[in-house]
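Worksheet: one structure, shown below.
Any read-out appearing in this document is the output of simple, stated calculations on the displayed coordinates, not a laboratory observation. Predicted model, so just to flag it, every value in this text is computed and none were measured. Here the Cβ is made from the backbone with ideal geometry for all residues, glycine too, and neighbour counts use every protein chain on show.
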């Protein structure tokens with residue numbers, strides 16, 4: 001196949017993902033790439049970030065001379081607390097998660113399957129140190145689960161697959177995927193590309209996707225787009 | 001039978017029950033007669049009173065001009081908070097109860113059976129308004145459950161019985177009973193009187209008890225006394 | 001911009017619909033969100049299921065809601081009251097249904113509803129008639145009852161202080177069921193004596209984080225149900 | 001007189017015995033009760049089961065306890081660390097057992113242990129390999145896993161402020177597992193930066209009521225595990 005231009009940068013993916021976060025949302029951003037999303041929340045929107053180690057209203061990293069080792073995020077990095085923040089213990093924190101009080105989480109992925117299955121916690125290799133953290137809790141409890149990831153691994157292996165080969169984090173949980181190459185919804189009929197990165201063609205992205213990909217962009221054949229659930233005005237939780 | 005002198009007054013029963021409360025205990029006192037016990041804690045002992053509506057460290061009633069309608073006990077009466085008190089919500093309050101963190105509760109009773117069954121929440125009458133409150137939680141969770149009650153109802157019906165006729169609050173939960181006529185332990189062999197009120201004979205008390213009563217007073221035939229569990233020095237909960 | 005303030009109790013409860021389930025905070029007269037309940041009386045919704053530890057006091061608040069014939073069912077632990085016969089009269093006449101739940105089980109079922117736990121085992125009530133018809137199971141030889149989570153369409157609760165995000169502080173034993181009901185309802189409405197900007201509450205002392213709250217009504221000088229009952233007040 | 005103060009960390013942990021289960025608070029390096037863990041290292045108990053979200057950092061605290069060969073099993077959610085290979089080395093060599101639990105399930109199992117709930121159903125982990133061998137059940141068509149309470153012989157936790165009764169405040173995200181571990185252990189030992197007389201803490205802001213605490217050690221100027229790891233410190 002031809003060699004297309006580079007896809008979106010990590011910051012550009014984050015910026016795109018941030019566009020879809022409604023004003024007033026309570027959001028958990030996974031460790032790593034998804035953390036970048038916080039920097040791109042569109043002006044005029046206020047979101048409240050949850051970090052599962054006991055803080056709602058997480059703010060940006062502090063100045064180096066203002067680090068408090070007892071104010072960290074789930075990635076164990078120093079953060080700050082915004083006005084309106086609250087601290088709580090771990091059982092209360094996961095009551096928020098499991099109880100469906102968070103509107104959205106955006107997580108990293110090792111694999112996402114066409115049925116929404118997510119694998120992001122274990123390679124299943126025997127010498128790996130098993131570690132799951134809060135990933136399984138987030139995918140089972142948060143109302144909308146999205147993924148931010150590179151479309152393929154560094155060696156070119158697609159991460160969007162027909163069926164996950166790695167151990168699952170959750171079954172049928174992901175509704176939308178932001179990658180360097182596309183925005184892909186998980187629909188009852190499988191993957192549907194709703195946007196393609198500049199300079200890329202649908203076919204080039206489909207070729208790097210290890211499961212059928214429908215073209216669901218505006219102007220393409222009408223499709224059943226998932227992943228952009230309207231928020232109720234009655235309940236913000 | 002002869003007519004013995006009056007038994008202990010309510011205050012005297014409370015005073016006797018208070019003797020058995022170890023220094024440092026966390027205690028829930030049932031609504032009604034057991035509330036009196038708080039006034040008779042022996043000098044030199046400090047106990048912490050729990051009220052299930054969300055306060056540890058409950059103090060006595062306030063002066064009439066210092067009543068706060070938002071500081072009440074489980075009987076809905078105004079109280080105060082001692083130094084070292086803490087407020088908490090109902091789920092946390094009953095985590096203390098159910099989780100075995102309270103050392104002792106002393107409850108009222110309609111009937112106590114020789115196997116420790118307690119009935120104190122319902123007459124089972126069809127026109128009664130059912131109301132259970134926290135009684136079932138207390139008897140299932142608190143480490144030691146004792147009862148303070150009159151030995152008989154006003155019409156002379158014994159409250160210490162072979163088998164409860166009223167609906168149970170809990171099965172096999174009571175270990176000691178303080179009445180106007182005696183201190184009675186519940187043992188694997190049934191009721192055992194460990195003290196008899198002044199002016200009363202063992203036989204007179206046994207005649208007012210609707211189940212076999214052993215004489216387990218010092219000097220009587222040796223018996224297996226229950227109800228006076230030693231507190232561990234390692235754990236105060 | 002996150003601002004959960006609404007202008008009035010009437011506006012805050014306007015959408016409560018016939019047949020819905022409403023949690024109402026308070027233990028006895030402490031923590032009773034009386035202005036919200038009176039707004040619900042004015043509003044007219046009926047055939048309600050109310051989850052509340054008690055069944056109201058005197059002739060105001062929840063007792064008045066029942067007296068107005070708007071409550072089909074109460075889920076609570078202690079509907080008996082020394083100062084009100086409203087529930088008792090309706091109950092004896094067969095006009096209101098009661099699900100009686102031990103108080104700690106009630107609290108834990110509400111918390112479970114808020115925490116995404118559909119069911120749990122508890123020793124409370126095992127071997128009593130309140131366990132009749134419930135699934136039972138032994139753990140370490142002790143009988144336990146399977147209890148299911150409680151959720152509601154609405155929670156009406158009273159706080160001492162709030163901010164625009166819905167972070168809440170409570171006052172003494174008026175805290176009682178407020179924090180857990182806030183977690184377990186689809187829409188949680190709070191009346192608070194003070195409502196400040198974000199940052200007005202110390203994040204270390206917040207009892208209910210704003211994520212559990214949808215609407216905040218400023219009731220600067222709330223009536224105490226305790227006082228209304230003592231005065232013999234009637235609502236409406 | 002209720003006074004739970006003990007003179008030293010050494011005295012507070014002296015009775016921990018071989019083979020017992022110890023909960024250790026902290027998330028990453030925040031809230032780690034490092035003086036208590038070091039006292040446990042000095043004390044010598046071995047064959048311990050440790051319940052802790054992580055498996056230690058650097059070469060201090062829990063990582064040092066593991067390195068000294070004193071931990072037979074870890075129950076936690078994230079034993080992987082970017083700054084320590086102690087657990088990883090022992091795990092790969094088969095010298096330490098691991099029970100891996102999703103973080104929220106870990107927290108809820110600990111809370112259940114403290115609250116007298118022997119078991120509960122959770123959706124977390126259903127349809128994953130972490131549910132293998134566990135009882136499963138559907139609620140409203142959603143698969144759930146039956147999870148059992150966790151309790152321990154000991155909990156070692158770090159608070160910001162305490163009083164003689166054991167009432168506790170925490171500092172920011174160092175709160176994490178402290179309050180729930182305090183509930184779930186037979187004996188809870190707390191190190192606190194300040195320890196005041198009863199009445200020194202506002203009863204409205206107490207996070208952990210003293211009923212959950214047995215021993216309080218005043219560690220006026222606790223080391224931060226964060227700093228020790230950054231310095232490359234080794235214990236002992």
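For segment B:52-193, I need the span (max minus min coordinate) of the C-alpha atoms along each principal axis, in Å, sorted largest to smallest.
Here the spans come out as 45, 32, 30 Å, largest first.
If you rank A:140, D:46 by fewest surrounding Cβ atoms within 10 Å, what's the result?
Result, fewest neighbours first: D:46, A:140.
Once you place label points 7 Å from the Cα toward the Cβ at residue C:8 and residue C:85, how far apart are they in nm?
My value for the distance between the label points is 3.6 nm.
Determine the calculated [θ] at 222 nm for chain D from helices alone, applying -39500 (n - 2.57) to every DSSP H run no shorter than 4 residues and normalising by the residue count; nearest 500 deg cm²/dmol.
-6500 deg cm²/dmol
Specify the inter-centroid distance of segment C:110-149 and segment C:48-69, based on alpha-carbon positions, in whole Å.
Answer, in whole Å: 27.
With springs only between Cα atoms under 10 Å apart, run a GNM on chain B and tell me which of B:111, B:70, B:46 wobbles the most.
B:70
What spacing in nm lies between the two simple spin-label points modelled at residue C:224 and residue C:92, each 7 Å away from Cα in the Cβ direction?
In this crude label model, residue C:224 to residue C:92 measures out at 3.1 nm.
What FRET efficiency would be calculated for the residue pair residue A:189, residue A:43, taking the C-beta separation as r and a Förster radius of 30 Å, to the nearest 0.05?
About 0.25, to the nearest 0.05.
Residue D:99 label points, 7 Å along Cα→Cβ, one per copy: pairwise distances from this copy to the rest in nm, shortest first?
So the distances to the same position in the other copies read 3.3 nm.
To one decimal place, what Kirkwood hydrodynamic radius in Å is obtained for segment D:73-206 from all pairs of distinct Cα atoms?
Across segment D:73-206, the inverse of the average 1/r is 17.0 Å.
At 7 Å along the Cα-to-beta-carbon direction for both residue B:143 and residue C:233, put a label point, then send me their distance in nm to one decimal.
4.5
What FRET efficiency, computed as 1/(1 + (r/R0)^6) with R0 = 30 Å and r the Cβ-Cβ distance, is obtained for residue A:153 and residue D:72, rounded to the nearest 0.05?
0.20
Among rounded, prolate and oblate, which fits chain B when a ≥ b ≥ c are the square roots of the eigenvalues of its C-alpha gyration tensor, a/c under 1.5 means rounded, and a/b larger than b/c means prolate?
Prolate shape, in that a/c is at least 1.5 and a/b is the bigger ratio.
What are the label-to-label distances in nm, one decimal and shortest first, from residue D:69 to the same spot in the other copies, with labels 7 Å along Cα to Cβ?
When each copy's label point is compared with this one, the spacings are 8.2 nm.
Between residue D:44 and the same site in the other copies, what are the distances in nm, shortest first, taking label points 7 Å from Cα along the C-beta direction?
Residue D:44 label point versus its equivalents elsewhere: 8.0 nm.
Tally the DSSP beta bridges in segment D:5-231 and give the antiparallel ones as a percent, rounded to 5.
Roughly 30 percent of the beta bridges in segment D:5-231 run antiparallel, per DSSP.
Return, ordered by residue number, the residues of segment B:149-177 whose backbone nitrogen is under 14 Å from a label point located 7 Å along Cα→Cβ of residue B:10.
B:149-151, B:154
Whole-Å semi-axes of the protein assembly as shown's equivalent ellipsoid, largest first, each the root of 5 times a Cα gyration tensor eigenvalue?
Rounded to whole Å, the semi-axes are 50, 34, 25.
Looking at chain B as a GNM with Cα springs under 10 Å, which of B:128, B:216, B:114 has the largest mean-square fluctuation?
The residue with the greatest mean-square fluctuation here is B:128.
Report, in deg cm²/dmol and to the nearest 500, the calculated mean residue ellipticity at 222 nm for chain B, where each DSSP H run with n ≥ 4 adds -39500 (n - 2.57) and the sum is divided by the residue count.
It comes out at -3500 deg cm²/dmol, rounded to the nearest 500.
With axes computed from alpha carbons, what is the tilt in degrees of helix A:10-19 against the longest principal axis of chain A, rounded to the nearest 10 within 0 to 90?
That works out to roughly 80 degrees.
Given 20 °C and 1.002 mPa s, compute D for segment C:5-231 with the Stokes-Einstein relation, Rh being the Kirkwood radius over Cα pairs; round to the nearest whole µm²/s.
120
Out of all DSSP beta bridges in chain A, what portion is antiparallel? Express it as a percent rounded to 5.
For chain A, the DSSP antiparallel bridge percentage is about 50.
Top mean-square fluctuation among A:88, A:202, A:191, Gaussian network model of chain A, C-alpha springs under 10 Å?
Among A:88, A:202, A:191, the largest GNM mean-square fluctuation belongs to A:88.
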